[in-house]
Amino acid sequence: MPSIVKNPTPPRPAPLASVGVLGWLRTNLFNGWWNSLLTVLFLALLAWVVPPMLDWLVFSAVFRADGPADCRAADGACWAFLEVKYRLIIFGRYPFDEQWRPLVGMLALIAMALASCDRRNWNIRLLFIWAAGLSVFFILMGGGVFGLTPVRTTLWGGLPLTLMLAFIGIAAAFPISILLALGRRSNLPLIRALCIGYIELIRGVPLITLLFMASFMLPLFMPTGVSIDAVLRAQVAIIIFAAAYLAEVIRGGLQALPKGQYEAADALGLGYWKTQQLIILPQALKIAIPPIVNTFIGLFKDTSLVAIVSLTDLVLATRQALGDPEWRQFFIEAYMFIMFIYWIFCYFMSKYSQYLERVLSTTRRA
Amino acid sequence: MAQPLSRPPKTAAPVAWWRNPTVRGILAQALVLGVVALVIFYFVDNTLTNLEERRIRTGFSFLEQEAGFAIGESVISFSPSDSYARAFTVGVLNTLKVSLIGIVLATLLGVLIGIARLSSNWLVAKLASTYVEITRNVPLLLQLFFWYAVITIMLPSVRQALEPLPGVVLSKSGLQFPVLIYDPSQIPLLIVLGLSLVAAVVYRQREKRIQLATGREPRLLLPILAIMLVPVTLTYFVLGAPLEFDVPEFQRFNYRGGGSVTPEFLALLLGLSIYTAGFIAEIVRSGILGVPWGQTEASAALGFRRTLQLRLVILPQALRIIVPPTTSQYLNLTKNSSLAVAIGYPDLVSVANTSLNQTGQAIECIAIMMAVYLSISLLISAYMNWYNKRIALVER
């Protein structure tokens, strides 16, 4: 017979070992002998590594020094090195008194990037934002107008150069890559073959060979007497490279669209370009945005390769700073500093791309 | 019955010829081809004029000339009096060497870290994700410079070399390790090893057949270990222990004997493996997470233990997701090995760069570089496509 309990006994509280700090420790660090062993092992490792590292990084480190001798006397990191050399590392050999210009130009590029992260700007406004950001950057860097003294590109360097190569690279590669991606899916055999050939050729070789090609072969391609600027050459190589990779990302977006979208566009009587412009690309590009951001992260890191063809980007500027024999031994501090700069940019971009993936996928489901 | 208001015309209205899709397609292709051809013609014409002006001979005949530069390390013997062709071969072999070893190391490390990221142990998972976030977000070139500097500046000099394992010596001038000395009396040992291998394969197939026929779980580990080890060990002692190692020993200024790798190779290998492992770890993690949770539940419902669930149900399916992106990581690693030029490891790019500067044959040297990388890329992707097809889902 079913019985009804009028006054149920209140549930007992969970055992002490499964709630609170103790419970968290049990479920996350000590569930089972294997995990307990791992925890103990890694804790021992951390105890062995972390205290000396912290000591080196902070407690014994020299933050202010009158000269390299102070640093040599200390046991810790020599952050004073950065205090002496940070302008050289960040701005390269740009004229010292004019270095506010690359600083403001760099900030303009970063502001431009931040503005394009906002989804409300994903329309024609984006074009204006990029045009504004890039023109501010070039006017400030190059000078020659508004009473700014002209500065040759051979003196451009450091972080502004790195940012410029990456941003112009992605911006210029974008339209090319859309055409390549469309061409790769075209019905016209010749155009398809050309696009496939280009994409596979560029993706099959390392960026460094393209940079070599740009610096040794591009001058040969030009009519006699025409010389191309070294920065522009590297920029061209980066655009050629980025276009091939972006094209594959956009092709992924195109392939994700169901066939019905094309059929619907046909049914509406739209021609090829109208179909692409109004129906296909808006959807395909939206799907492709997170991988586009990832491609951009890769490109941003890859710009460091221009150091090999002697462009004073962040990496080469740092090596030049280390070329000073007085400070040469503090390479770890120098490398850690620019690793940190690259890391900040890349980390936030990858977090942003993960955020986009989450947001865009929910809007698609709705 | 409702009558249609108007019937469509029986014959379509004649379409102007320029609206015909076929004609338009041909025209568009002709146009594109024409533009591409013009651009190429323009570049080639300029190049020929420029080369003539600078009096540079074209063609690959320079490959037979004497190279005249030394190469720090090489798989085959090389001296400055050898030809450029041989120098390029050395470069290619060095590229292949570092790439192959790098791929193996990166895979091992990457799989380990990928699994660690999924560990239920909070500490292990956090450490693994820290590793991934750091290695993936710092340019490889910078990591290479870092490791190279650590090896050449931080490690002790040869006199106070570290010896992490007996016979393995680590110092500023690289890594030295013992190698086996070849002796004809080892041949029977090799034969026995080969026979045991065949026996082990035969045994495994027999066990699989029995499992298919009767469902009996195959006993593999211990019997195969026995088949592999017992005869070899017996032969080893019967032959009177013919294995002898060439151990590096300190003599006057340096360690001599044994095998050795240069600090450049070590830095490149370390940088490439650590960098690529971060990417492979993410691929492994997303591959395992990509197998639907229902598969885990279903295999649990069938009564499989956790290890068997992983081995028989989860991993085979995860592998299908993991293989294609891992292939492109292998390709990336091979292409990234070209950064060797920055730290002075004599890979293909480095050799080509030196030759280019010496001979001025820019087009030829760059063409050789590109051709080699393209062939390696195509070969690896062809192999991986074949492998991928083999493990892909066979749908009925």
Does A:VAL151 meet the test of being open to solvent by 50 Å² or more (accessible area, probe 1.4 Å) and of a type in the set (A, V, I, L, M, F, W, C)? no
Give the residues of region B:350-376 that are more than 8 Å from chain A (Cβ to nearest Cβ) and free of Cβ contacts under 8 Å to residues at least 12 places away in the same chain, sorted by residue number. B:ASN357, B:ALA367, B:ALA371, B:SER375
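Yes or no, residue by residue, for (1) within 14 Å of another protein chain (Cβ to nearest Cβ); (2) among the charged types (D, E, K, R); (3) in a helix (DSSP H, G or I); (4) farther than 24 Å from B:ILE321 by Cα:
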| residue | (1), (2), (3), (4) |
| --- | --- |
| B:GLU73 | no, yes, no, yes |
| B:ILE76 | no, no, no, yes |
| B:SER81 | no, no, no, yes |
| B:ILE103 | no, no, yes, no |
| B:GLY114 | no, no, yes, no |
| B:GLU133 | yes, yes, yes, no |
| B:ALA149 | yes, no, yes, yes |
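Is it fair to say B:SER120 is within 14 Å of chain A (Cβ to nearest Cβ), not β-branched (Val, Ile, Thr) and not in a helix (DSSP H, G or I)? Steps first, please.
On the way: within 14 Å of chain A (Cβ to nearest Cβ): yes; not β-branched (Val, Ile, Thr): yes; not in a helix (DSSP H, G or I): yes.
Yes; evaluated as a whole, the condition is true for this residue.
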Odd one out for B:LEU308, checked against (1) touching a residue at least 12 places away in the same chain (Cβ under 8 Å); (2) farther than 17 Å from B:TYR84 by Cβ; (3) open to solvent by less than 30 Å² (accessible area, probe 1.4 Å): (1)
State all residues of region B:35-76 that are in contact with a Phe, Trp or Tyr (Cβ under 7 Å, 6 or more places away or on another chain) and farther than 30 Å from B:THR262 by Cβ; if no residue qualifies, say none. B:PHE43, B:ASN46, B:THR47
Whichever residue in region A:174-185 is assigned to a helix (DSSP H, G or I) and over 25 Å from the mean Cα position of the chain (by Cα) and, among such residues, is nearest to the other protein chains (Cβ to nearest Cβ): A:GLY183
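Checking the condition in contact with a strand residue (DSSP E or B) (Cβ under 8 Å, 6 or more places away or on another chain) and open to solvent by less than 20 Å² (accessible area, probe 1.4 Å), which residue from A:ALA334, A:ALA321, A:ALA307, A:ALA317 passes? So that I can check it myself, show each step before the final result.
Working: A:ALA334 fails: in contact with a strand residue (DSSP E or B) (Cβ under 8 Å, 6 or more places away or on another chain); A:ALA321 fails: in contact with a strand residue (DSSP E or B) (Cβ under 8 Å, 6 or more places away or on another chain); A:ALA317 fails: in contact with a strand residue (DSSP E or B) (Cβ under 8 Å, 6 or more places away or on another chain).
The conditions single out A:ALA307.
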Going through region A:16-69 one residue at a time, which ones are away from chain B (no Cβ under 13 Å), among the β-branched types (Val, Ile, Thr) and under 30 Å from A:PHE330 (Cα atoms)? A:VAL58, A:VAL62
When every residue in region B:331-345 that is farther than 14 Å from B:TYR148 by Cβ and open to solvent by 10 Å² or more (accessible area, probe 1.4 Å) is compared, the one nearest to the other protein chains (Cβ to nearest Cβ) is B:LYS335
Find all pairs meeting these conditions: Cβ atoms under 8 angstrom apart; at least six residues apart or on different chains; first residue within region B:289-300 and open to solvent by 40 Å² or more (accessible area, probe 1.4 Å); second residue polar (S, T, N, Q). B:GLN295/B:GLN317; B:ALA300/B:GLN309
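Criterion first (out of contact with any helix residue (DSSP H, G or I) (no Cβ under 7 Å at 6 or more places or on another chain) and in contact (Cβ under 8 Å) with a residue 24 or more places away in the chain) does A:LEU211 satisfy it? Please lay out each step first, then the result.
Values: out of contact with any helix residue (DSSP H, G or I) (no Cβ under 7 Å at 6 or more places or on another chain): no; in contact (Cβ under 8 Å) with a residue 24 or more places away in the chain: yes.
For A:LEU211, the condition - out of contact with any helix residue (DSSP H, G or I) (no Cβ under 7 Å at 6 or more places or on another chain) and in contact (Cβ under 8 Å) with a residue 24 or more places away in the chain - is not met.
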Report whether or not A:VAL62 is in contact with a strand residue (DSSP E or B) (Cβ under 6 Å, 6 or more places away or on another chain) and β-branched (Val, Ile, Thr). yes
Sort out which residues of region A:186-239 are among the β-branched types (Val, Ile, Thr), facing chain B (nearest Cβ under 10 Å) and either open to solvent by 20 Å² or more (accessible area, probe 1.4 Å) or not in a helix (DSSP H, G or I) (or both), and write them in order of number. A:ILE191, A:VAL205, A:THR224, A:VAL226
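Yes/no matrix, rows are residues, columns are (1) more than 30 Å from A:ARG26 (Cα to Cα); (2) of a type in the set (Asp, Glu); (3) surrounded by fewer than 12 Cβ atoms within 10 Å (Cβ to Cβ); (4) in the same structural domain as B:VAL284 (by TED's automatic domain parsing):
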{"site": "B:VAL124", "(1), (2), (3), (4)": "no, no, no, yes"}
{"site": "B:LEU127", "(1), (2), (3), (4)": "no, no, no, yes"}
{"site": "B:ALA161", "(1), (2), (3), (4)": "yes, no, no, no"}
{"site": "B:VAL198", "(1), (2), (3), (4)": "yes, no, yes, no"}
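Restricting the search to region A:12-33, which residues are part of a helix (DSSP H, G or I) and surrounded by 10 or more Cβ atoms within 10 Å (Cβ to Cβ)? Walk me through it before giving the result.
Looking only at region A:12-33, we keep the residues that are part of a helix (DSSP H, G or I), and these are A:16-18, A:20-28, A:32-33.
A:ALA17, A:SER18, A:GLY20, A:LEU22, A:GLY23, A:TRP24, A:LEU25, A:ARG26, A:THR27, A:ASN28, A:GLY32, listed by residue number.
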Show me the helices (runs of 4 or more DSSP H) found entirely inside region A:259-366 where at least 3 residues are in contact with a Pro (Cβ under 7 Å, 6 or more places away or on another chain) and within 14 Å of chain B (Cβ to nearest Cβ). A:331-365
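Given the residues A:ILE168, A:ILE129, A:ILE139, which is the only one that is in contact with a helix residue (DSSP H, G or I) (Cβ under 7 Å, 6 or more places away or on another chain), of a type in the set (Val, Ile, Thr) and outside the structural domain of A:LEU360 (by TED's automatic domain parsing)?
A:ILE129
Being among the aromatic types (Phe, Trp, Tyr) and either over 23 Å from A:LEU211 (Cα atoms) or not assigned by TED's automatic domain parsing to the domain that holds A:SER353 (or both) is the filter here; which residues of region A:252-307 pass it? Working first, answer last.
Of all residues in region A:252-307, those among the aromatic types (Phe, Trp, Tyr) come to A:262, A:272-273, A:296, A:300.
Passing the criteria: A:TYR262, A:TYR272, A:TRP273.
The values are calculated or read from the model by the stated rules, or taken from the named source; none is laboratory data. Just so you know, these numbers come straight off a predicted model, no measurement behind them. So basically every Cβ, Gly included, is an ideal-geometry build from the backbone, and we count neighbours across all protein chains shown. The area values use the complete protein model at the heavy-atom level, side chains included, leaving out ligands, DNA and RNA. Shrake-Rupley method; radii C 1.70, N 1.55, O 1.52, S 1.80 Å.
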